[in-house]
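Novice: For reference, the structure I am asking about is given below.
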Amino acid sequence: MSLPLEKLGTRYEARRATIDVDRARAYARATNDPNPAYLAGTLAPPVFAVVPTWDAMMVALHDVVPAEDQVAMLHGEQDMHFFRPLVPDQPLVTFAEAYSLRSGRMGTRFTMRVVSSDDAGELVVEQFATMVIRGVEVGKDGGPQPPSHTLPPEAKAAKLASVASSVDPDQALRYAEASGDANPIHVDDAAAQAVGLPGVILHGMCTMALCGRDVVDELAGGDPTLLRRLAVRFYRPVFPGNDLVTTMYDVGTEFGHQVVGFEAASAGKVVVRDGRAHLGPTPTGVRIRSESGAIPTPERTEG
């Protein structure tokens, strides 16, 4: 069975949510990030953007990927472009778009584009979430190629920093509660073993948040407002109780931003590849665009 190419380009009905200060604080604690701006409720962690936009993204996912195929689905990549900081009590109006389908060795890669603006229509965050549906063929590829965040091999000669931290034994449980993502493979050993895992694994988005924390603390002086982009490719699962080592490399500059490539390893194995972070202030009066360019208005809209 193949996934429906005709759904590509569909923009789904927008959802409105507010960045809740208490939930943002809980998310920071669940990702072991004691940044004073988060704990004071001044800012929300950048990766927290996945929480108030989750429902909008799920509308697109459920329309394109049948429920029976979601059982074999993995989170393959996440690419987040930040146009302004996430501020508690800020409303976000979010729509999701069925963006692209690509065949691969493991199955079909389905990318959703998720765009969030404030009530004035100013862009806040744009996300590209790629799911790998194992064992499902797309038939042929369709839709635009998602923005690249490949780590250039030569960048590994320009190491900037390496940060080692620990993944707590209860990290997945705490993240599930704070994020609302209670997929059984993250909270129940029997459920994880039923799909071939040795036990509970950490949420990919939690791993991403831990990497983002390391980049912000090490290279942005602890200032999350300097993070303009954060992207990862999830390569292997992370198991609670293990270590996590984030290694960062200098990739150069782009649009006046420092471009950092990174990888992460746990228990001696690479778990995140092709990590990318863009660091730099947004000039006053200048609206930075992501690699995807302007936000088009798709022809079809479905609720």
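Novice: Taking segment 29-75 on its own, how many of its residues are among the hydroxyl-bearing types (Ser, Thr, Tyr) and outside any loop (DSSP other than H, G, I, E, B)?
Specialist: So the first thing to find is which residues in segment 29-75 are among the hydroxyl-bearing types (Ser, Thr, Tyr), and the list is 31, 38, 42, 53.
Remaining after also requiring outside any loop (DSSP other than H, G, I, E, B): 38.
Residues meeting the conditions: 1.
Novice: If I filter segment 241-264 down to residues being assigned to a loop (DSSP other than H, G, I, E, B) and not aromatic (Phe, Trp, Tyr), which single residue comes out as surrounded by the most Cβ atoms within 10 Å (Cβ to Cβ)? Steps first, please.
Specialist: Going through segment 241-264, the residues assigned to a loop (DSSP other than H, G, I, E, B) turn out to be 241-242, 255-256.
If we keep only those that are not aromatic (Phe, Trp, Tyr) as well, we get 241-242, 256.
Values: Gly241: 15, Asn242: 17, Gly256: 13.
The extreme case among them is Asn242.
Novice: Another one. Are any residues in segment 180-201 over 18 Å from Ala72 (Cβ atoms) and either modelled with pLDDT of 95 or more or in contact with a Gly (Cβ under 6 Å, 6 or more places away or on another chain) (or both), and if so, which ones?
Specialist: Passing the criteria: only Asp189.
Novice: Now for a separate question. Taking only segment 164-196 into account, find how many residues are in a loop (DSSP other than H, G, I, E, B), under 20 Å from Val271 (Cα atoms) and free of Cβ contacts under 8 Å to residues at least 60 places away in the same chain.
Specialist: Here the count works out to 3.
Novice: Going by the conditions given, is Leu202 in contact (Cβ under 8 Å) with a residue 24 or more places away in the chain, out of contact with any helix residue (DSSP H, G or I) (no Cβ under 7 Å at 6 or more places or on another chain) and surrounded by 15 or more Cβ atoms within 10 Å (Cβ to Cβ)? Show your work before the answer.
Specialist: On the way: in contact (Cβ under 8 Å) with a residue 24 or more places away in the chain: yes; out of contact with any helix residue (DSSP H, G or I) (no Cβ under 7 Å at 6 or more places or on another chain): no; surrounded by 15 or more Cβ atoms within 10 Å (Cβ to Cβ): yes.
So Leu202 does not fit the description; no.
Novice: Looking at (1) within 16 Å of the chain's Cα centre (by Cα); (2) modelled with pLDDT under 95, which is the one condition that is false for Gly256?
Specialist: Unmet for Gly256, out of (1) within 16 Å of the chain's Cα centre (by Cα); (2) modelled with pLDDT under 95: (1).
Novice: Return yes or no: is Thr31 buried (at least 21 other Cβ atoms within 10 Å of the Cβ) and in contact with a strand residue (DSSP E or B) (Cβ under 8 Å, 6 or more places away or on another chain)? Reasoning before the result, please.
Specialist: On the way: buried (at least 21 other Cβ atoms within 10 Å of the Cβ): yes; in contact with a strand residue (DSSP E or B) (Cβ under 8 Å, 6 or more places away or on another chain): no.
Against the criterion (buried (at least 21 other Cβ atoms within 10 Å of the Cβ) and in contact with a strand residue (DSSP E or B) (Cβ under 8 Å, 6 or more places away or on another chain)), Thr31 does not qualify.
Novice: Okay, moving on. If a residue has to be part of a strand (DSSP E or B) and buried (at least 18 other Cβ atoms within 10 Å of the Cβ) to count, how many in segment 76-92 make the cut? Step through it out loud before you land on a result.
Specialist: Initial filter on segment 76-92 (part of a strand (DSSP E or B)): 76-82, 91-92.
Then drop every residue that is not buried (at least 18 other Cβ atoms within 10 Å of the Cβ), which leaves 76-82, 92.
Total meeting the criteria: 8.
Novice: Could you please let me know if Tyr27 is aromatic (Phe, Trp, Tyr) and touching an Asp or Glu at 6+ places or on another chain (Cβ under 6 Å)? I'd like the intermediate steps shown before the answer.
Specialist: On the way: aromatic (Phe, Trp, Tyr): yes; touching an Asp or Glu at 6+ places or on another chain (Cβ under 6 Å): no.
Here the answer is no, as Tyr27 does not meet what is asked.
Novice: Give the residues of segment 34-67 that are surrounded by 21 or more Cβ atoms within 10 Å (Cβ to Cβ) and either in the same structural domain as Gly222 (by TED's automatic domain parsing) or among the polar types (S, T, N, Q) (or both), sorted by residue number.
Specialist: Result: Thr53, single match.
Novice: Which of the following residues is modelled with pLDDT under 95 and polar (S, T, N, Q): Gln78, Gln70? Before you say what the answer is, go through the steps one by one.
Specialist: Details: Gln78 fails: modelled with pLDDT under 95.
Testing whether each residue is modelled with pLDDT under 95 and polar (S, T, N, Q) leaves just Gln70.
Novice: Can you find a residue in segment 206-220 that is assigned to a loop (DSSP other than H, G, I, E, B) and of a type outside the set (Gly, Ala, Ser)? Give the derivation first.
Specialist: Step one: list which residues in segment 206-220 are assigned to a loop (DSSP other than H, G, I, E, B), which gives 220.
Add one more test, that the residue is of a type outside the set (Gly, Ala, Ser), and what stays is none.
For segment 206-220, residues assigned to a loop (DSSP other than H, G, I, E, B) and of a type outside the set (Gly, Ala, Ser): absent.
Novice: Output yes when any residue across segment 209-216 is more than 16 Å from the chain's Cα centre (by Cα), surrounded by 17 or more Cβ atoms within 10 Å (Cβ to Cβ), within 23 Å of Asp274 (Cβ to Cβ) and in the same structural domain as Val245 (by TED's automatic domain parsing), and no when none is.
Specialist: Taking segment 209-216 and keeping what is more than 16 Å from the chain's Cα centre (by Cα), we get none.
So far as segment 209-216 goes, no, none of its residues is more than 16 Å from the chain's Cα centre (by Cα), surrounded by 17 or more Cβ atoms within 10 Å (Cβ to Cβ), within 23 Å of Asp274 (Cβ to Cβ) and in the same structural domain as Val245 (by TED's automatic domain parsing).
Novice: When you go through (1) at negative phi; (2) assigned by TED's automatic domain parsing to the domain that holds Pro45 one by one for Ala155, which number turns out not to apply?
Specialist: Ala155 satisfies every listed condition except (2).
Novice: If I filter segment 265-288 down to residues being surrounded by 14 or more Cβ atoms within 10 Å (Cβ to Cβ) and at pLDDT below 95, which single residue comes out as nearest to Ser166 (Cα to Cα)?
Specialist: So, considering only residues that are surrounded by 14 or more Cβ atoms within 10 Å (Cβ to Cβ) and at pLDDT below 95, the one nearest to Ser166 (Cα to Cα) is Gly280.
Novice: Select from segment 99-141 the residues that are of a type outside the set (A, V, I, L, M) and in a loop (DSSP other than H, G, I, E, B) and list them in ascending order.
Specialist: Here is the first cut: in segment 99-141, the ones of a type outside the set (A, V, I, L, M) are 99-100, 102-105, 107-111, 113, 116-119, 121-122, 126-128, 130, 134-135, 137, 139-141.
Selection gives Arg105, Asp118, Asp119, Gly121, Glu122, Gly135, Glu137, Gly139, Lys140, Asp141.
Novice: Looking at (1) within 19 Å of Tyr235 (Cβ to Cβ); (2) loosely packed, with under 15 Cβ neighbours inside 10 Å; (3) not assigned by TED's automatic domain parsing to the domain that holds Ala220, which is the only condition Gly121 fails?
Specialist: (1)
Novice: Follow-up question, since we're still on this one. Taking the condition in contact (Cβ under 8 Å) with a residue 60 or more places away in the chain, over 26 Å from Ala264 (Cβ atoms) and within 14 Å of the chain's Cα centre (by Cα), does Val125 pass? It would help to see each step written out before you state the result.
Specialist: Values: in contact (Cβ under 8 Å) with a residue 60 or more places away in the chain: yes; over 26 Å from Ala264 (Cβ atoms): no; within 14 Å of the chain's Cα centre (by Cα): yes.
No: the conditions fail for Val125.
The values are calculated or read from the model by the stated rules, or taken from the named source; none is laboratory data. No experiment lies behind these values; they were computed from the predicted model shown. Note that each Cβ is placed from the backbone with ideal geometry, even for glycine, and that neighbours are counted across all protein chains shown.
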